[in-house]
Amino acid sequence: MNKLSGTCVSTRRTATWPGRHVGHQMLLARQPVGLSRLCGVRGALRRRPAGRTYAAAAEDLGQRETGTGMAEDPVVQEKPKTPAELDGENFQEMPSVEFWRTWMRRSPVDDVQDFLQSGGGLGALDLGKVRSLAPFSASEWGLYEEGSFRYWSYHLLRSGFFVAQAAAGITASQRTSSEETSGRLLANLTTNAGLRLYTEALQMFRQDFANIKAGAYREPYDMDPRHRQFSPSFILRRTLRFLEEAPRTLKRRSEGVAEDVWLKSPLYPEYYMNTWHFQTDGWLSSTSAGVYETSTETLFLGQQDAMQRTTLVPLSGHLKGRDLAGCKIMELACGTGRFATFVKDNFPDATVTCLDMSPFYLQEARDNFEHWCELRGDTQGSAPGAEFLQAPAEDIPAEDGSYDAITCVYLFHEITQEVRRRVVSEMYRVLKPGGMVVFTDSIQVGDRPELDANIDAFTDFNEPNYTDYVRTDLGALFKSEGFVCGTKEVASRSKVLSFVKPLGQEEKI
Ligand SMILES: C[S@@+](CC[C@H](N)C(=O)[O-])C[C@H]1O[C@@H](n2cnc3c(N)ncnc32)[C@H](O)[C@@H]1O
């Protein structure tokens, strides 16, 4: 047994990266003899307790360099590896990893400026240098593919809507949040910086459409014009909610003051009772659940669904060719269940269990599923729409070895190291041998080096565990609980990792 979770202590440390001091929870595995005492940094890095963060290793290095460490070893100058570098050792990296690692945030305006500065005339025009939209070829963007007009019209319309909504939300917030914050956000959105973000979204759609064309998953069912998102009354309702919420969120963000959650309850762990992202009521109201999808899609200018759908790539590879009658898939921390409906839409014969701690979000998930059932009618497969389970991800009320697959999207950046480890341990327990976990969350240090300097920015959105998350060695964390690492994809601001519970491994090694 290698169950570190039972032997861990939590202690407060200060991480420094890059040039930033952030308080965070650090977990030290109790070793027979304290590692930091016995080893120099080099040794500590080699024998790093599984799941230990990059920040902790960097901090050790800092102590050594400033002479505050325990042992003396002037030779040691080795820089700790970033999570992205460690992923390279643990996972089979798919082409999207290299694409996003090297793609620079650029807009077509940047390309035109480069062209003009190069002084070349039209004769010197080289489409190969149009880097914002690279790879610049109609076939790479799927334009000759069947269904491309439908896909692109829908996604351009949808993302355009979210861009307009973002502008409206920021404008509405100008009355309440500081002039400086909202002015800066609006400037970002309406200038070339906004265009760069939008170009990034286009690149994400290109990847999404290529996945669809490669048969990894179906065309999104919400493109159906009967989907309620095309209904003016639905749009109006959602937009009004968002315009009510955005100024409140931005005001709290600009003041850096989070409100308490309105509900007091011993039923939830303390770390959960937080107003994440400064959103009103945290996870604990139907108002919050009703605005969540709109807020997050607006934040990502309409690319959130496409990023999440990348989770289906390893999952469909894993389930391909299987008879899915009786197959059970769990969507852990499902939130409003929107992604879970895409899972169900792709594997209609499987039972999808939506687990979340919030009854309010589960209610929203149920609503999403009811709508999916209405749309898909008689094509919904042999299993019922979904099951809904209110429970902590770190204590799943399910039998050992009862699930074929687990997906988990955007949970780990919110929870502490200790809870992360317990969640992974529970995933392992409830999966059947041979079962797969597909993990999706924010990119980490090194995944897109261009963004590293600002990678902590989201921490300021009342996300106390984010700084630690982006430096966590996820491969080591899952391996320590018995998993085998599979593939890695990057999808714009998200990464997708797959893990398999080895066959014939009921017990951990
Ligand atoms: C950032 S949202 C992500 C929701 C959804 N997966 C998505 O991507 O849209 C985090 C969700 O995790 C849930 N959550 C947070 N901590 C949890 C825990 N320990 N156990 C179960 N659910 C949890 C929250 O209630 C919330 O619905």
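What follows is calculated from the coordinates using simple rules that are stated; it is not laboratory data. Owing to the predicted nature of the structure, the values given are computational and were not obtained by experimental measurement. Glycine gets a Cβ as well: all are built from the backbone with ideal geometry, and neighbour counts include every protein chain shown.
So the values come out like this:
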quantity	calculated
Fewest-first sequence of 264, 213, 328, 501 by Cβ atoms within 10 Å of each Cβ	264, 213, 328, 501
Cα-projected label distance for residue 143 with residue 102, points at 7 Å along beta-carbon direction, nm	2.3
Taking only Cα atoms of the range 267-405, radius of gyration then Dmax in Å	15.3, 44
Over 13 Å [Cα-Cα, the range 431-485], rounded percent	67
For the range 184-324, the fraction of alpha-carbon pairs in successive 5 Å shells from zero, as %	2, 8, 13, 15, 16, 16, 14, 10, 5, 1, 0
For the range 358-509, alpha-carbon Rg and Dmax in angstrom	17.1, 50
Amide H contacts of residue 349 (H built 1.01 Å from N, under 5 Å, at least 5 apart or other chain)	382
Alpha-carbon Debye profile of the range 186-256, log10 I(q)/I(0) at 0.12, 0.22 Å⁻¹	-0.60, -1.04
Label-point gap, in nm, between residue 235 and residue 366 - each point 7 angstrom along Cα→Cβ	3.0
Protection proxy ranking, peptides 144-154, 307-317, average beta carbon neighbours within 10 Å, highest first	307-317, 144-154
